[in-house]
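Here the structure is laid out as structure tokens; the discussion comes afterwards.
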Amino acid sequence: MNDNNGQIVIAELIQKGLDGLLTDKEFSSLQKSLNDDPEALNYYVRTMLAISAFSANSIVPSCESVTENDPLSDILSKETWETLAEYEESAPAIEIPEEKPPKELIQKVVYPPQEKSKISKFKIIFLAMNAAAVLFFVLFLKLVPVQSGVEVATLIDSINAKWADNVMMHKGTRLLNDEYSYLLQEGYVKLEFDSHATVVIEAPAEFRILAEDRIGLRYGKVFSSVPPEAAGFSVYTPVTKIVDLGTEFGIQADIDGDTQLHVFQGKTLLLMGNEDNVEVTKGIAKKVSGDSEKVADIPLSTTRFVQKIDSERGFIWKGKKSIDLADIVGGGNGFGTGQEVGEIDPGGDERYWLPKSGGPFYTDNTYRSCAELPFVDGVFVPDGGVGPVQISSQGHMWQDCPDTTGVYFEGIYTGEKSRTGSRHGFVLQGQRYGVPGRPHIATHGNTGVTFDLGALRNQMPGLKIIQFTALCGVSQTVRNRTSGNVSDFYVLVDGEKRFEAKRIGVLSEPRQVSVELRETDSFLTLVCTDGDLKPHVDWSFYGNPRLVLESR
Amino acid sequence: MENSPKDLPDKSDLERVFFELFMNCQKGVFAYILSSVHHYADANDLFQETATVLWQKFDEFDQGTNFQAWAISIARNMVRSYFNRHKRSRLQFDDNLVKKIEDQTVSKLRNHDSRVESLKKCFEKLSDSNRQLMKLRYEQGMTVKLIASRLGKPLHGMYKYMARLQNSLLECIEKAMALSK
């Protein structure tokens, strides 16, 4: 092998071999080359040594700048690099995504003082565990001797799980406590240990089942839920052992050895390899450095970990504490999957289209179901003047609906623009709504929309809906047109009025809505009527409409 | 030679000594294992197992002798045991080739520090995107298949690309090592 092409062929076979993807034929070819050609063997060994040099113990490249007369530069300007550059131009930028919590969820951020890193600007860390991590397992992992090869846990659910080594697992697969390292490349799995502790693991992750009451996490994210009978359940990472004392907590172990612990319920004991230990309680998060084993306080992240999965419903819950009803009006599931799909017409036969010419539109108060939106039960034009108004598909009636003109100008929608093209805007207390971070549901007088709480509960096993909150009012942009019109706002639950705010106009303060919800409540209805029998310019809406959630 | 109880180092001293010796040679031990086993994930596991055994047998090590050589002799047995365990599930080089690889690896480990230094220099000269690629491959341990999937590139092309990148990096390392002599 004395040409560059031969080297590339060997290099390619090496890459495939590293991933265990050589075919029999390719393997035989490689073996033959290495046996027959001393240069090929030499090349193979040099390559493997170079790859292994991306190794544990934090190899730190120097920060020397490149000079024009750099003798290495000619290597880097060979034709090969031009070929690579050509490929690079067509390749998308490689981004290693950084996980950032949404801004509104950060209440108070207290960052630990910036530690001067002892290493220069980047590490090359090989996949092999660093020496300190290995020694942790060797020296400090005081495992109670347990019989190996015993079934101690069950895979109880998974979503889009993909494992290395072509491992096939399904619901009900029993897992043994042995030396095997599970490498979850994609998706999510939920395991239940025989001690009744459960863990949700998010890929990419590598872990071992150590015993019925412990798991070793080399890297990845794990959310543990430990009932009282399983207290003492432990998670081992390369630099820590976390002992549960009856709680819910999340652990993230990074490939470089850093470990984060976030405690959501109860308390845990955080043990380090240097035999220090710290009790970490609810609402607290800690980070242990993989290099120094120093412990630092970090902000608790309530949405970093996947806490619940349900493959039948396709449900993945990351701890979000509320459902966005504006997202549901946009066709989503309340967790950000919706889009602005247009308006729901409370009076017409077509669900999402209104005549381009705009209102006023006249209709009766017939309740119209929304089959297309999974969590919107239906819409209607409230007009109590013709009698009680049906407000759900199950026949709930609003007995005290006030008399209105039965006229509406816009449908029910989310986002800044109505289908008719109206962009009158939605502003309360000087803040725009219908923009990212400030969702809203436009409910121009006279319109009503009902949400199916039962359907929402079905998609979120393990969670309950405890409250509806919103800010309701008439947009300040009305001032450009008039100052006199007023609207009435009503929130009903199964037809029963639970909130009202009457004669709210552009000069009024918006009203905070807070309605407690019970497990037995089926339908939530939001209504806006023309408070003064003048529906024109009733640019009314519910800002940041949310259903507050709680774990069961 | 028997030690009296007074002569025996206490546990924390022993750990410290082991740690120092292991830190100095762990790169070489891993290099040896990877060259022999050629399967990335298996090499990692085997490396960890070897470290465990090294500690368990540390009292058999003759202080003052070459720790790396002793560690590699342990690793050799671990590799053979691995081959026996995975006879059916892993493609394995024949014994003759394994011996040749082992001899060459041990020989080249003598200047492994120089190789590591040269790698640092050459790595820095990569473009940002190629450095990121190497990080995904070797720092985060992604398979080429996963990288290709993330980038939306065909797998075959991605292997070729990685091979060329690795080859060019190797050339740079070899030249840097030559210049440093």
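The values are calculated or read from the model by the stated rules, or taken from the named source; none is laboratory data. As the structure is a computational prediction, the values presented were derived from the model and not from experiment. When we count neighbours, we look across all protein chains shown, and the Cβ atoms used for this are built from the backbone with ideal geometry, even at glycine. All accessible areas refer to the heavy atoms of the entire protein, side chains included, with ligands and DNA or RNA removed. Shrake-Rupley method; radii C 1.70, N 1.55, O 1.52, S 1.80 Å.
Odds and ends about this structure:
- Residue count for the stretch B:128-151 satisfying the condition of being within 7 Å of chain A (Cβ to nearest Cβ) and small (G, A, S): 2.
- Residues in the stretch A:162-202 that are within 14 Å of chain B (Cβ to nearest Cβ), more than 16 Å from A:G20 (Cβ to Cβ) and open to solvent by less than 20 Å² (accessible area, probe 1.4 Å): A:L184, A:G187.
- Of the residues making up the stretch A:1-46, those that are loosely packed, with under 15 Cβ neighbours inside 10 Å, within 25 Å of B:K175 (Cα to Cα) and hydroxyl-bearing (S, T, Y) number 0.
- Residue within the stretch B:40-53 that is farther than 23 Å from A:L34 by Cα, open to solvent by 30 Å² or more (accessible area, probe 1.4 Å) and part of a loop (DSSP other than H, G, I, E, B) present: no
- In summary, strands (runs of 3 or more DSSP E) completely within the stretch A:432-505 and bearing 1 or more residues that are touching a Pro at 6+ places or on another chain (Cβ under 6 Å) and open to solvent by less than 10 Å² (accessible area, probe 1.4 Å) occur at A:440-443, A:447-452, A:463-474.
- The stretch A:529-542, residues that are within 33 Å of the chain's Cα centre (by Cα) and either open to solvent by 10 Å² or more (accessible area, probe 1.4 Å) or at pLDDT below 95 (or both): A:S540, A:F541
- Residue list for the stretch A:425-455, filter: within 18 Å of A:V493 (Cβ to Cβ) and touching a helix residue (DSSP H, G or I) at 6+ places or on another chain (Cβ under 8 Å): A:I441, A:V449, A:F451
Yes/no per residue for (1) acidic (D, E); (2) in contact with a Phe, Trp or Tyr (Cβ under 6 Å, 6 or more places away or on another chain); (3) within 24 Å of A:D194 (Cβ to Cβ); (4) open to solvent by 10 Å² or more (accessible area, probe 1.4 Å):
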site: A:G232; (1), (2), (3), (4): no, no, yes, yes
site: A:Y236; (1), (2), (3), (4): no, no, yes, no
site: A:D244; (1), (2), (3), (4): yes, yes, yes, no
site: A:E248; (1), (2), (3), (4): yes, yes, yes, yes
site: A:A253; (1), (2), (3), (4): no, yes, yes, no
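- Residue that is of a type in the set (F, W, Y) and touching a Leu at 6+ places or on another chain (Cβ under 7 Å), where the choices are B:F123, B:F67: B:F67
- Selection over the stretch A:15-46 of residues that are within 16 Å of B:Y159 (Cα to Cα), touching a helix residue (DSSP H, G or I) at 6+ places or on another chain (Cβ under 8 Å) and more than 7 Å from chain B (Cβ to nearest Cβ) gives a count of 3.
- Residue list for the stretch A:263-297, restricted to those being in a strand (DSSP E or B) and open to solvent by 30 Å² or more (accessible area, probe 1.4 Å): A:Q265, A:K267, A:L269, A:L271, A:N277, A:V278, A:E279, A:T281, A:K286, A:K287, A:V295, A:D297
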